[in-house]
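A short reminder: the numbers here are calculations on the coordinates, not readings from a lab. All values reported here derive from a predicted model rather than from experimental measurement. Ideal geometry is used to build each Cβ from the backbone, glycine not excepted, and the neighbour counts take in all protein chains shown.
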Amino acid sequence: MIERSEVLAVARLARLELSEEELEPMARELSTVLDHIATIRQLDLTGVAPTSHVVDVTGALRPDEPRPCLPREVALAQAPAVSADGFLVPSPQA
């Protein structure tokens with residue numbers, strides 16, 4: 001099973017806050033995932049092309065064609081706050 005420090009490092013990278021009670025179950029789950037990856041690494045995948053789907057996917061996406069965008073007033077109509085340039089969002093806290 002992976003170490004507590006490794007779980008905390010992964011949680012930090014994923015920007016997750018885990019309670020003490022969540023650490024051990026998360027360690028077990030991450031260890032299970034890593035065990036599956038280790039099993040896959042043992043397979044001879046010579047000649048197997050990389051895929052993004054296990055089955056052929058056709059027609060899943062529409063063609064990427066330019067279209068007119070919404071007028072600025074419509075896009076910003078229900079925004080909670082706007083500025084002269086667009087949506088107004090809070091600045092990130094340091």
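Observations on the model:
- Filtering Val57, Val33, Val10 for residues that are in a loop (DSSP other than H, G, I, E, B), among the β-branched types (Val, Ile, Thr) and without any contact (Cβ under 8 Å) to a residue 24 or more places away in the chain leaves a single hit, Val57.
- Test: residue in the stretch 71-82 that is part of a helix (DSSP H, G or I), out of contact with any strand residue (DSSP E or B) (no Cβ under 7 Å at 6 or more places or on another chain) and surrounded by 10 or more Cβ atoms within 10 Å (Cβ to Cβ): yes
- Candidates Pro68, Pro25, filtered to the one that is free of Cβ contacts under 8 Å to residues at least 60 places away in the same chain and within 30 Å of Gly86 (Cα to Cα): Pro68
One line per residue, one yes/no per condition, for (1) more than 30 Å from Ile2 (Cα to Cα); (2) hydrophobic (A, V, I, L, M, F, W, C); (3) out of contact with any helix residue (DSSP H, G or I) (no Cβ under 8 Å at 6 or more places or on another chain):
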position	(1), (2), (3)
Leu34	no, yes, yes
Arg41	no, no, yes
Thr46	no, no, yes
Val55	yes, yes, yes
Ala60	yes, yes, yes
Ala77	yes, yes, yes
Ala84	yes, yes, yes
Ser91	yes, no, yes
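- Tally of residues being under 18 Å from the mean Cα position of the chain (by Cα) and not hydrophobic (A, V, I, L, M, F, W, C) across the stretch 1-57: 6
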